[in-house]
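The values are calculated or read from the model by the stated rules, or taken from the named source; none is laboratory data. Quick caveat: nothing in here was measured; it's all calculated off a predicted structure. Cβ placement follows ideal geometry from the backbone for every residue including glycine, while neighbour counts extend to all protein chains displayed. These accessible areas exclude ligands, DNA and RNA; they are computed on the full protein's heavy atoms, side chains included. Shrake-Rupley method; radii C 1.70, N 1.55, O 1.52, S 1.80 Å.
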Amino acid sequence: MCGIIGYKNFSSQSDLSKSLKKATDSLKLRGPNNQGTFIQQDVGLGHTRLSILDTSSGANQPMTDPSGRYVIVFNGEIYNYQGLKSELDISFKTTSDTEVLLHLLINEGEKCLPKLNGFFAFAFYDKKEDRLLLARDRMGIKPLLFYQDENQFLFGSEMKALMCFPTQRKLNKEALYWYLKLNYLPGTLSMLEGVQKLAPGHYLKLKTNQIEVRPFISKDGEAESLDYENGQKELVDILEESVKKRMISDVPLGAFLSGGTDSSAIVSLASRHTSQLSTFSVGYEDQPFFDETYYAELVAKKFNTNHHTFKLTNDDLLNDLNDIIEYIDEPFADSSAIPTYILSKHTKKHVTVALSGDGADELFGGYYKHMALNQALHPSFSQHVIKSIYPAFNALPKSRSGKVSNLIRRICRYGEMLKMEPIERYWFLASLTNDPSFLLYESINVEEETDFKSQFFKTFTPDLNDYLLADQQMLLPGDMLTKVDLMSMANGLEVRVPFLDKNVVNFARSIPAEYKIKGANRKRLVQDAFQNILPKELHNRPKKGFEIPLLQWMRNELLSDLDKTVFNEDYLQSQNLFNIDSVMNLRVILLSKNPNDVHGIIWAMYIFQKWYMKWMDNSHNNSSFMSNKS
């Protein structure tokens, strides 16, 4: 796991080599073991290395082939590299997957991309043809951003690296709308105009100053004809193969263990291939409702792992908040990033690679919203009752922070969702707020919103699998994988995700919806496949996730800082971005008896304002880079 950065200079009037050095330095947390650059005339490539496979200096990057014609900078792992290596009639100098990828690209160019099983973002440069090829893995596990103006083309693993170059900083107001709606930046959007994310499963070719972007993913497999019982066996087999491939490492390896089915399944399979597996959990000392370490310890005991539990207090969570906000270089408001960061920090003290259960919910239907969406497609008498009576619950206190208040919150959202058309139901349940226009001084129009939404529902049956595919294309790369990449890389930890192996993904996409959700049984196939493998206490237990006490913080420890940032009327007026009355009303709701989910909206505003003050507002930072206010 590493950081990559690079440029192609179109202007003879500027020298970007000094900016490349700064940009490479900015990625040092992603790759603390080595750092290198390649510069030739108008092209520069930078790399920071986290050594995992072949830790020798010979595998450092940028890596050049023996002829000197081709250069690569690569972030990720290719798990089937040994098989691909055997197909190449070449004498290799290293045992790294980077060198294998370099020669595959020399021989086949972008045609080799569908063969790769792993996660990656890379840039491959052909000096003779003066051509750059960039690519990003099929699920978007690794990030890759790019920017082009009349003077330069830039790419990198993180926005902060691009900002080291002389770029114009102008806020993307369409991205701000979607960020406030969803809590993260979906699709290819970035918060700066001119910067895009390369879509998962796509490659980019740059020749002279012309960009061509194309998908490399072939069509997923046809529908499986497996019966349900054989489907369970198939899932365990292909997931075990995926786990086994991801245990190849020249540095210490462990696994995250939350106590949920997904991470527990990964640990159960990994323990078949080592007797020395270390596992890591975080628990909440001050929030027993969200503490799942009891279940994690049951799993650790059953599979005899070397288990580490980190019990966090509210003070622990707050103490790391500054470092997290300082690290992120685009607004990202999934608050579970905080415990993910702390888990990564503690885990890195013991291992350099960790397996994770991420991706299973989006593939197999693990969220309450998936159950609700599926039930709404098959109307029942109870749904008509909820649709009729839910308005009576609206006056009751609603919050994620308690069992009863969370149930009331979900009943109200469920009832409101039932009144909508099938596709709009998805957007309602996926959103932090259904329409954030009330917060914005200037919002996007209906046509822009419709066009953006349409890219995630090109076909709609309707069927649960349509909803899951939208999550895989939007929520997974935009939120879940971004969170894990940012928080693990901030601590120099590589996280591998066996559920997102291309064979597991193709299998999940090929099975019928009823294998995933039936009635109230979410993630049914995964639950049943591992029922006799995992401790019985885990089977179909309620999902909790990485919740943190935002409402409590905002009413107490964070309130004064919120008043300086989110609820600062003078600053809001100077920005000219937000509807001041609407924003100030959020404070009234926050301190009322019925705050509902307002703390989520305020958190998104807080993270945005912290980012804006650091990266966009010269009066709040000492940045010497160019900055244009919107």
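Quick notes on this one:
- For Lys518, a cut-off of 18 angstrom between C-alpha atoms picks up these lysines, skipping any fewer than 8 places away in its own chain: Lys369, Lys543.
- For the chain, the solvent-accessible area works out to 40 Å² per residue, with a probe of 1.4 Å and every protein chain left in place.
- Hull-based mean projected area of the stretch 245-333, where the convex hull spans the alpha carbons, in square nanometres: 7.5
- Span-like helix criteria (full DSSP H runs; alpha carbon extent of at least 30 Å along the helix axis; mean Kyte-Doolittle hydropathy of at least 1.6) are satisfied in the chain by no helix.
- FRET E, pair Ile90, Asp237, Förster distance 45 Å, beta-carbon r, rounded to 0.05: 0.85
- Sites Asn506 and Ser12, calculated FRET efficiency, Cβ-Cβ separation with R0 41 Å, nearest 0.05: 0.30
- Relative pair counts by distance (%), Cα atoms of the stretch 223-293, 10 Å bins: 17, 39, 26, 16, 2
- Once the Cα-Cα distance is subtracted from the 0.36 nm per residue extended length, the Lys22 to Ser275 segment shows a gain of 86.8 nm.
- Spin-label pair Ser560/Gln383, simplified geometry with 7 Å Cα→Cβ offset, distance in nm: 5.1
- A simple packing score, the average count of other Cβ atoms within 10 Å per residue, orders the peptides 577-587, 116-126 as 116-126, 577-587, with the highest score first.
- Here is the list for the stretch 212-274: trypsin sites (Lys or Arg not before Pro) lying in DSSP coil, each with at most 16 other C-beta atoms within 10 angstrom of its C-beta, are Lys219, Arg272.
- Ignoring aspartates and glutamates fewer than eight residues from Lys115 along the same chain, the ones with Cα atoms less than 16 angstrom from its Cα are Glu77, Glu87, Asp97, Glu99, Asp137, Asp220, Asp501.
- For the residue pairs Lys181/Lys403; Lys142/Lys349; Lys170/Lys483; Lys349/Lys502, the alpha carbons lie more than 28 Å apart in Lys349/Lys502.
- Of all DSSP-defined beta bridges confined to the chain, some 75% are antiparallel rather than parallel.
- Over the chain: helical MRE at 222 nm, DSSP H runs n ≥ 4 each giving -39500 (n - 2.57), nearest 500: -11000 deg cm²/dmol
- A value for mean projected area of the Cα convex hull in nm² was derived from the coordinates, and within the list (i) 29.8; (ii) 27.2; (iii) 32.1 it appears as (ii).
- Within the accessible surface of the chain, defined with a 1.4 Å probe on protein heavy atoms only, the carbon and sulfur portion equals 47 percent.
- Projected label distance in nm at Ser56 and Lys518, using a 7 Å step from Cα toward the beta-carbon: 5.4
- Computed extension gain for Asp323 through Lys593, at 0.36 nm per residue and net of the alpha carbon distance, reaches 94.0 nm.
- Given their separation in residues at 0.36 nm each and the Cα-Cα distance between them, Phe438 and Lys170 gain 94.3 nm when the chain is fully extended.
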